[in-house]
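Have a look at this one before I ask anything.
The values are calculated or read from the model by the stated rules, or taken from the named source; none is laboratory data. In this text the structure is predicted, and so the values were computed from the model without any measurement. For neighbour counting, all protein chains shown are included, and Cβ atoms are generated from backbone atoms with ideal geometry for every residue, glycine included. Calculation scope for accessible area: heavy atoms of the full protein, side chains included, ligands and nucleic acids excluded. Shrake-Rupley method; radii C 1.70, N 1.55, O 1.52, S 1.80 Å.
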Amino acid sequence: QVQLVESGGGSVQAGGSLTLSCAASGYIFSSSAMGWYRQAPGKQRELVAAILRGGTKDYADSVKGRFTISRDNVKNTVYLQMNSLKLEDVAVYYCNAGTYYSNTYTPYDYWGQGTQVTVSS
């Protein structure tokens with residue numbers, strides 16, 4: 001059974017930082033690219049960042065230079081360091097496993113429960 005468990009969300013003021021973590025089942029983590037998605041109220045879920053097994057990273061334009069994705073292949077955990085948070089970053093953030101080919105991340109249908117990120121002015 002695949003499990004993805006996110007943590008680390010919370011409330012911060014604009015300009016602040018948070019680090020999200022996602023612990024994944026062993027087999028899915030070691031064989032997959034990993035991604036962070038977010039879904040704001042009334043909006044579609046969008047890919048924020050992805051990281052391949054070898055460490056190559058990709059980011060949505062809206063978070064480039066502010067967010068950093070990383071993975072620990074020993075702990076089977078993927079992280080999202082979020083700096084300079086903005087009001088528009090408010091969303092539920094989800095961890096995901098998937099594939100990455102031709103600069104395109106394709107998610108498997110495995111999702112965690114999500115973790116809420118709230119940014120206030």
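I'd like to check something: does the range 91-99 contain any residue that is over 20 Å from residue 7 (Cα atoms), open to solvent by 30 Å² or more (accessible area, probe 1.4 Å) and more than 13 Å from the chain's Cα centre (by Cα)?
Scanning the range 91-99 turns up at least one residue that is over 20 Å from residue 7 (Cα atoms), open to solvent by 30 Å² or more (accessible area, probe 1.4 Å) and more than 13 Å from the chain's Cα centre (by Cα).
Among (1) within 18 Å of residue 12 (Cα to Cα); (2) open to solvent by 50 Å² or more (accessible area, probe 1.4 Å), which single condition is residue 110 missing?
Answer for residue 110: the failing condition is (1).
Another question about this same structure. I'd like the full set of residues that are without any contact (Cβ under 8 Å) to a residue 12 or more places away in the chain, in a loop (DSSP other than H, G, I, E, B) and within 14 Å of residue 52 (Cβ to Cβ), limited to the range 64-121.
102
Please specify each residue of the range 8-36 satisfying the condition of being in a helix (DSSP H, G or I) and either open to solvent by 30 Å² or more (accessible area, probe 1.4 Å) or β-branched (Val, Ile, Thr) (or both).
Correct list: 26, 27, 28, 30, 31.
Can you tell me which of (1) at pLDDT 95 or above; (2) crowded, with 16+ Cβ neighbours inside 10 Å; (3) closer than 21 Å to residue 2 by Cα; (4) not basic (Lys, Arg) is the one residue 48 doesn't meet?
(3)
Can you tell me which residue in the range 31-49 is farthest from the chain's Cα centre (by Cα), limited to those that are small (Gly, Ala, Ser) and farther than 20 Å from residue 68 by Cα? Step through it out loud before you land on a result.
First, pick out the residues of the range 31-49 that are small (Gly, Ala, Ser): 31-33, 35, 40, 42, 49.
If we keep only those that are farther than 20 Å from residue 68 by Cα as well, we get 31, 42.
Values: 31: 17, 42: 19 Å.
Within the range 31-49, the match that is farthest from the chain's Cα centre (by Cα) is 42.
Now a separate question. Could you please find all residues in the range 52-61 being within 20 Å of residue 18 (Cα to Cα) and open to solvent by less than 60 Å² (accessible area, probe 1.4 Å)?
Of everything in the range 52-61, those that are within 20 Å of residue 18 (Cα to Cα) and open to solvent by less than 60 Å² (accessible area, probe 1.4 Å) turn out to be 58, 59, 60.
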